[in-house]
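J.: Below is the structure I would like to discuss, written out as C-alpha cells.
The values are calculated or read from the model by the stated rules, or taken from the named source; none is laboratory data. Every value quoted in this text rests on a predicted model; they were computed, and no experiment measured them. Methodologically, a virtual Cβ is constructed for each residue, glycine included, from the backbone with ideal geometry; neighbour enumeration extends over all protein chains shown. The area values use the complete protein model at the heavy-atom level, side chains included, leaving out ligands, DNA and RNA. Shrake-Rupley method; radii C 1.70, N 1.55, O 1.52, S 1.80 Å.
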Amino acid sequence: DKGYWWFVVHLWVEGVWELILASLLAYVLVKTTGVDREVIDKWMYLIIAFALMSGLLGTGHHYFFIGMPGYWLWIGSVFSALEPIPFFLLVLFAYNMVAQRRRNHPNQAAILWAKGTAVVGFLGAGVWGFMHTLAPVNYYTHAT
C-alpha cells in the first residue's frame, strides 16, 4: 500500500504543482511579452513531457527503503536525477520569452515575477529537490 500511496503523492506534486507553475508562467508571459502563443505552447509541451516522464518513473525514489524490489533503486535514482530538467526548462522558457518579446510591457514587476519564479522554482524544487532524492538523504527525509 505504501508503494501506491507514494505514487499518488508524487504524481500529485509533479502533476499539480509543477504544471500549475508552468501554466501560470506561460499565461503571464503571453500577456506581458507579446510572443506568439504557438511558441509558448511548444515550450509547454516540452516541459509537460519532461515533467511527466521524470515524474512517473522518478516516483521510485520514494521506494528505496519500503521493501519494494531492488530495481526501483536504479529507476528512482536515474529518473529522479532528471526531475530538475523541467524546472531548468522553465528558466530557459522565461528568459527566452522575455528576450524574444515584441513589446516592452509597462508592468516590469510581472516580468520580474515570471523570471524570478522560474529561477526560485528551479533552485527550490529542482536543485534542493534533487538533493532530497539522493538515497542516503532520502532515508531520513522521507521518513522511511
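J.: For the subset of the range 1-34 comprising residues that are acidic (Asp, Glu) and more than 10 Å from Thr59 (Cα to Cα), which member is farthest from the chain's Cα centre (by Cα)? First the steps, then the outcome.
T.: Filtering the range 1-34 down to residues acidic (Asp, Glu) leaves 1, 14, 18.
Still in the running and more than 10 Å from Thr59 (Cα to Cα): 1, 18.
Working: Asp1: 26, Glu18: 5 Å.
This residue is Asp1.
J.: Can you find even one residue in the range 19-33 that is modelled with pLDDT under 85 and open to solvent by 60 Å² or more (accessible area, probe 1.4 Å)?
T.: Looking through the range 19-33, none of the residues is modelled with pLDDT under 85 and open to solvent by 60 Å² or more (accessible area, probe 1.4 Å).
J.: Let me ask something else about it. Considering the range 51-81 alone, what residues qualify as being part of a loop (DSSP other than H, G, I, E, B), modelled with pLDDT under 85 and not β-branched (Val, Ile, Thr)? Please lay out each step first, then the result.
T.: Of all residues in the range 51-81, those part of a loop (DSSP other than H, G, I, E, B) come to 63-70.
Narrowing further to those that are modelled with pLDDT under 85: 63-68, 70.
Matches in the range 51-81: Tyr63, Phe64, Phe65, Gly67, Met68, Gly70.
J.: Look at the range 21-50 and say how many of its residues are among the small types (Gly, Ala, Ser) and either touching a Lys or Arg at 6+ places or on another chain (Cβ under 8 Å) or not in a helix (DSSP H, G or I) (or both).
T.: Filtering the range 21-50 for residues among the small types (Gly, Ala, Ser) gives 22-23, 26, 34, 49.
Still in the list and also either touching a Lys or Arg at 6+ places or on another chain (Cβ under 8 Å) or not in a helix (DSSP H, G or I) (or both): 34.
Of the residues in that region, 1 qualify.
J.: Which one of Ser77, Ser54 is more than 23 Å from Ser23 (Cα to Cα) and open to solvent by less than 60 Å² (accessible area, probe 1.4 Å)?
T.: Result: Ser77 is the single residue among Ser77, Ser54 that is more than 23 Å from Ser23 (Cα to Cα) and open to solvent by less than 60 Å² (accessible area, probe 1.4 Å).
J.: Also, quick follow-up: Taking the stated definitions as given, is Phe87 among the aromatic types (Phe, Trp, Tyr), assigned to a helix (DSSP H, G or I) and open to solvent by less than 50 Å² (accessible area, probe 1.4 Å)? Even if it seems obvious, please write down each step before you answer.
T.: Working: among the aromatic types (Phe, Trp, Tyr): yes; assigned to a helix (DSSP H, G or I): yes; open to solvent by less than 50 Å² (accessible area, probe 1.4 Å): yes.
Against the criterion (among the aromatic types (Phe, Trp, Tyr), assigned to a helix (DSSP H, G or I) and open to solvent by less than 50 Å² (accessible area, probe 1.4 Å)), Phe87 qualifies.
J.: State all residues of the range 57-67 that are touching a residue at least 24 places away in the same chain (Cβ under 8 Å) and either within 12 Å of the chain's Cα centre (by Cα) or crowded, with 17+ Cβ neighbours inside 10 Å (or both); if no residue qualifies, say none.
T.: Once the filter is applied, which keeps residues that are touching a residue at least 24 places away in the same chain (Cβ under 8 Å) and either within 12 Å of the chain's Cα centre (by Cα) or crowded, with 17+ Cβ neighbours inside 10 Å (or both), the range 57-67 yields Gly58, Thr59, His61, His62, Tyr63, Phe64.
J.: Assess whether Glu38 counts as being within 11 Å of the chain's Cα centre (by Cα) and open to solvent by 10 Å² or more (accessible area, probe 1.4 Å). Steps first, please.
T.: Values: within 11 Å of the chain's Cα centre (by Cα): no; open to solvent by 10 Å² or more (accessible area, probe 1.4 Å): yes.
Against the criterion (within 11 Å of the chain's Cα centre (by Cα) and open to solvent by 10 Å² or more (accessible area, probe 1.4 Å)), Glu38 does not qualify.
J.: Considering only the range 2-49, state which residues are touching a residue at least 40 places away in the same chain (Cβ under 8 Å) and of a type in the set (Ser, Thr, Tyr).
T.: Correct list: Thr32, Thr33.
J.: Could you please find all residues in the range 4-37 being acidic (Asp, Glu) and farther than 25 Å from Ser80 by Cβ? Full working, then the answer.
T.: Kept after step one, since they are acidic (Asp, Glu), are these residues of the range 4-37: 14, 18, 36.
Listed by number, the list holds a single entry, Asp36.
J.: Okay, moving on. Could you give every pair whose Cβ atoms fall below 7 Å, whose first residue belongs to the range 109-125 and is closer than 14 Å to Val98 by Cα, and whose second residue is among the aromatic types (Phe, Trp, Tyr) and open to solvent by 30 Å² or more (accessible area, probe 1.4 Å), counting only separations of at least 6 or pairs across chains?
T.: Lys115/Tyr95
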